[in-house]
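Rule-based calculations on the coordinates, nothing more; no lab input. From a predicted model like this one, the values you see are computed outputs, not experimental measurements. Positions of Cβ are generated from backbone atoms using ideal geometry, with glycine treated the same way; all protein chains shown enter the neighbour counts.
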């Protein structure tokens, strides 16, 4: 286990052990305990009662936060013709076809999200070995394989985030920045929490959400009393 910094230890000591804070209290405390020298991200992490070995208990998708994530996303779009023009007009950073695929094959990755029209997936599919491990492969479930490239680019630029359960059934996503007003962070957290509840697989029995924790980039996690959010 990596050794915790003195700043982290000092911050963690201010969290009451075993306590699940109200959302308002948790947001205020996470911001208070942040010690990064930059505008740190604030993440929410869920431990869910899911058996991810079962296909119907794997959560994967995308969600547009009401107030965005605070992160500027560089969007690359594989499209041709009118769809390429739509992507450019919507604010895509890079738009193209084979020339972009070749650049990526040669090790270029100056982008954060890849969108592709279905007819381009023949070319994009060949990039699976390089895009897949970085989590950049377009997927219909996250809205990144679509003919509506205008909507896809606009949503990503507006703060669309993607989520996916890991093998242990955990989900972690950014919900804003330390510089955000508390009210905006709370609105983002409530909206994403409602989305998590909505996605509950029918096969799950008993408790679905086991824990909900928020933290800043380097700061300790603060448990949230998520039962108050139902």
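Here are the numbers for the structure shown:
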read-out	value
Extended-chain gain in nm, criterion 0.36 nm per residue less alpha-carbon gap, residue 141 and residue 38	33.8 nm
Percent of Cα-Cα distances greater than 24 Å, calculated over the chain	51
Tilt relative to the chain, helix 23-33 - C-alpha long axis, 0 to 90 degrees, to 10	90
Rounded to whole Å, sorted largest first: equivalent-ellipsoid semi-axes of region 75-158, Cα gyration tensor	18, 13, 12
Computed label-point distance, nm, for sites residue 80 and residue 151 using a 7 Å Cα→Cβ extension	2.4
Efficiency of FRET between residue 89 and residue 182 - r from beta-carbon atoms, R0 25 angstrom, step 0.05	0.10
Rounded FRET efficiency, nearest 0.05, which uses the C-beta distance separating residue 123 from residue 53 and R0 of 41 Å	0.80
Mean separation of Cα contacts under 8 Å (6+ apart) over length of the chain, as relative contact order %	40
Counting DSSP beta bridges with both ends in the chain, the antiparallel % (nearest 5)	70
Gain in span if fully extended, residue 170 to residue 99, counting 0.36 nm per residue against the direct Cα distance	21.8 nm
Order of 212, 121 under a 10 Å beta carbon neighbour criterion, fewest first	121, 212
